[in-house]
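This report concerns only the one structure given below.
The values are calculated or read from the model by the stated rules, or taken from the named source; none is laboratory data. Since the model is a prediction, treat every value here as computed from it, not as a measurement. Glycine also receives a Cβ, built like all others from the backbone with ideal geometry; neighbour counts cover every protein chain displayed. The area values use the complete protein model at the heavy-atom level, side chains included, leaving out ligands, DNA and RNA. Shrake-Rupley method; radii C 1.70, N 1.55, O 1.52, S 1.80 Å.
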Amino acid sequence: MRSLKAILPAVFAFSCCVAQAQVKSGDAKMNAFVNTLMGKMTLDEKIGQLNLVTSGRATTGAVVNNGVEAAIKKGEIGGIFGLYGAEKVGKAQDIAVKNSRLHIPLIFGLDVIHGHETIFPIPLGISATWDLDLIEQSAHTAAKEATAEGLNWVFSPMVDIARDPRWGRISEGSGEDPWYGSQVAKAMVRGYQGSSMKNSDAVMACVKHFALYGGAEAGREYNTVDMSLIKMYQDYLPPYKAAVDAGAGSFMSSFNTINGVPATANQWLLTDVLRKQWGFNGFVVSDYTAVNELTNHGLGDLQTVSALALKAGLDMDMVGEGFLSTLKKSLKEGKVSQSEIDLACRRVLEAKYKLGLFDNPYKSIDPAREKLDVLSDDNRKFARKIAEHSFVLLKNKAQTLPLKKSGTIALIGPLADNHSEMLGTWVIAGDPNKSVSVRQGIKNVVGNDVNVLYARGSDITDDSLLSARSYFFGMKQVKDGRPAQQMIDEAVETAKKADVVVAVVGESANMSGESSSRSDISIPESQRDLLKALAKTGKPLVIVLFNGRPLTLTWEDEHASAILDAWAPGTEAGNAIADVLFGNYNPAGRITATFPRSVGQIPIYYNHKNTGRPFNVGDNAKFKSDYLDISNDPLYSFGYGLSYTTFNYGEVKLNKARLKGNETLTATVTVTNTGNYAGEEVVQLYISDPVASISRSVKELKGFQKISLQPGEKKSVVFTITTKDLKFYNNQLKYDWEPGQFVVQIGASSADTRSAAVEWNK
Ligand code: BGC
């Protein structure tokens, strides 16, 4: 353990005090330390701390290129992202700690989004577990691997609410619901940061993208966001706020505008809301070149926008070097103040302090742990478990699933014998070659008990534009080379020889994720043609679906016997899928984003308003809020998912019919496993507020419990409801509840509830 204090006693002995008017943190020791250090720093060194570079630019051959090495030595770099591996990070840290004037350690970040080297399901899949302990453990496991490789900062969790599945980054979040999204946000922050960020297996979380990034118009990436304040506060901001409450150490500003001002230069957002209203005391980094992009937004040249961003409350500039190249000039010209630069520098240094980097800049660089903790058997076991828990059984006609562990199956589809697409989007360190294909997983789970016939059937897509756009950085779709019809014919012949067809189809890993918006969110045509031909054989057709977003599946829902939504399951994909297909685990995932019937219904989400002319199922009247050509209902509603068993819900029983003030209400429902398998059920609590001073959502999720039941077993599930669950933002943005009637609804999904009403007065 090399301590920076040992390396440079002079810095620590220095006792001059810097004014700390704006320091809010109560940590006197940290303040004293940072004051002392800042008292030694030149203006250039302070601005250097605000500069985050990427290893994309920074690395060539050895660790960092000459330019970056020189910049680190001059104190012009505060952190590096994209560099990982104990040895490499150690060498880069050496440059800063041993060769820069003040020996200030670098912070090392990375996009660790759903696991580091051991990859878990994409976040949308993880959210479908409805298991906060598992979710927290996924973040902790990722932190353990990441720290072993020298990292101390992860650009996660992404907590952007998304109600438009055209937007590719819906895959990186927890879906559409603010309450559930808040629980996931807290669990992730806890998992990453642990009990103290000083722990050698803890990283600092970076909550993104602040804010409202998921509200991009038309689901088009990086597009304008224009939203009412009530909608922001009620539906989009809660998960960010929850992450602050959980102690998140850093935030990332988003690319989009908010009330006309891009988030990265938005003082109301970065200072008034984040710091003054919510009490956030960490630092804010921009998204990748987001400062420079303010120029395209129309806010001025690089010097102007860099000053705007700093003044708004942005502390660190990712990649664009606008801060580095212009702030000194702006200070001279009176466009920014010394105290604004100091404040940003202080926040970055505080983050390093909170991480314990001044005590030991190498604290998490541990080659021994790197060997033990990265892709360990335990981590792979966990990846298999969380993948199984993330799968959602969307359809299961006549109990097609689970499959028998005997007979012949035809395993078909471009994703059936594939490694490279198993990990999903945003996988920096994950190695596709270490992932388990579905074909291999089936072999691992049933060995020779089942005769598995295989045919590829189609390419992922024959659309050359879609193919070119969904592979980048030199990657290409691996195509079969045979004509489409020949592949389909072979698949059909294979299907005819089997008892059941398992078609593994859907989106490739990067058809979702950043810069992957789609206007057509169906399964690509080449695969749809394959499915149609397979359906014609009359064999039971099981679809194992890969998808980074809700897809439009009306044809599949009508023609398949079963659909298992596997998202992008990660390193253990094939093993987890096989476990579920053959009944070793009974699926219990529930969707956290609504699946529309068609793109025309988007945006679509369960907690919508009623409108003045609501459409009721069965109406065939004019002048209602509906479509001429499609129903309002989604194909699969928020919270939906089946099991191999069935559950019966009794009536909702309330302990009181009338309440006053701060009394608490308990709502109880009995759930019985009425099928033949042990299984888990996600019992969901929704509340609606039919009369209020503003139009409220038809219902809002306020709780859930995941329970396990043996066949025939029943359990009473009790929810405690307080006035906290009744609160909302009124049109003065006051957060309170209003007396009157409330309807408590409990059930298996947002569209399948039983209810009981209660009168609650002040
Ligand atoms: C993305 C962020 C990411 C950053 C760094 C940006 O393009 O929007 O989510 O953390 O790049 O890789």
Surface accessible to a 1.4 Å probe, D272 within the full protein complex, Å²: 50 Å²
0 to 90° range, to nearest 10: angle between helix 178-193 axis and the chain longest Cα axis: 50 degrees
Relative intensity, log₁₀ I(q)/I(0), of the chain from a Debye sum that treats every alpha carbon as a point, q = 0.05, 0.08, 0.11 Å⁻¹: -0.26, -0.68, -1.22
Euclidean distance between Cα centres, region 213-281 to region 622-698, Å: 29 Å
Where region 207-274 is the region considered: accessible area per residue in Å², 1.4 Å probe: 27 Å²
Cα principal axis extents for region 647-761, largest first, Å: 52, 23, 16
Potential extension, M475-K660 segment - 0.36 nm per residue separation minus Cα distance: 60.4 nm
Those lysines that a straight Cα-Cα span of less than 27 Å connects to K497, excepting residues fewer than 8 apart in one chain: K395, K397, K404, K405, K443, K479, K532, K536, K539
Size of electric dipole in the chain: Cβ of Lys, Arg +1 and of Asp, Glu -1, about Cα centre, debye, nearest 20: 1440 debye
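Rounded, prolate or oblate: which fits region 383-592 when a ≥ b ≥ c are the square roots of the eigenvalues of the alpha-carbon gyration tensor, with rounded for a/c under 1.5 and prolate only if a/b beats b/c? Please list the in-between numbers first.
Working: a/c = 1.42, a/b = 1.17, b/c = 1.22.
In terms of gyration-tensor shape, rounded.
Report the FRET efficiency, 1/(1 + (r/R0)^6), for Q267 and Q399, where r is their Cβ-Cβ distance and R0 is 56 Å, rounded to 0.05.
Numbers: r = 58 Å, r/R0 = 1.04.
E(calc), rounded to 0.05, equals 0.45.
I need the chymotrypsin sites (Phe, Trp or Tyr not before Pro) found in region 330-433, filtered to DSSP loop residues with at most 14 other beta carbons within 10 Å of theirs.
Details: sites: Y353, F358, Y362, F382, F391, W426; in loops: F358, Y362, F391, W426.
Taking region 330-433 and a limit of 14 other Cβ atoms within 10 Å, no loop chymotrypsin sites (Phe, Trp or Tyr not before Pro) are found.
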Carbon plus sulfur fraction of accessible area for the chain, probe 1.4 Å, in percent: 49 percent
Rounded tilt (10° steps) of 377-390 against the dominant C-alpha axis of the chain: 50 degrees
Gain upon complete extension [K29, T289; 0.36 nm per residue less C-alpha separation]: 90.2 nm
For region 647-761: accessible area per residue (Å², 1.4 Å): 46 Å²
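Of the DSSP beta bridges with both residues in the chain, give the percent that are antiparallel, rounding to the nearest 5. Write out the running numbers ahead of the final one.
On the way: 49 of 91 bridges.
Around 55 percent of the beta bridges assigned by DSSP in the chain are antiparallel ones.
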Angle between the chain longest axis and helix 525-536 axis [Cα atoms, degrees, rounded to 10]: 20 degrees
Accessible area per residue, Å², region 383-592 with all protein chains present, probe 1.4 Å: 36 Å²
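Using helices alone, I'd like the mean residue ellipticity at 222 nm for the chain: each DSSP H run of four-plus residues gives -39500 (n - 2.57), total over residue count, nearest 500.
-8500 deg cm²/dmol
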Listed residue (H559, Q527, I126) projecting farthest to the positive dipole end of the chain, Cβ model: I126
Hz values of 3J(HN,Hα) by residue in region 499-514 - Karplus curve (6.51, -1.76, 1.60), Gly and Pro given as x: 7, 8, 9, 10, 9, 9, 9, x, 8, 6, 4, 10, 7, 10, x, 5
Listed residue pairs exceeding 27 Å between alpha carbons, taken from K144/K208; K653/K702; K624/K724: K624/K724
Alpha-carbon centroids, region 293-350 and region 143-201: separation in whole Å: 27 Å
K381 paired with N632, simple spin-label distance in nm, labels 7 Å along Cα-to-beta-carbon: 5.0 nm
Partner aspartates and glutamates for K660 [C-alpha distance under 12 Å; skip if fewer than 8 residues away on the same chain]: E738, E759
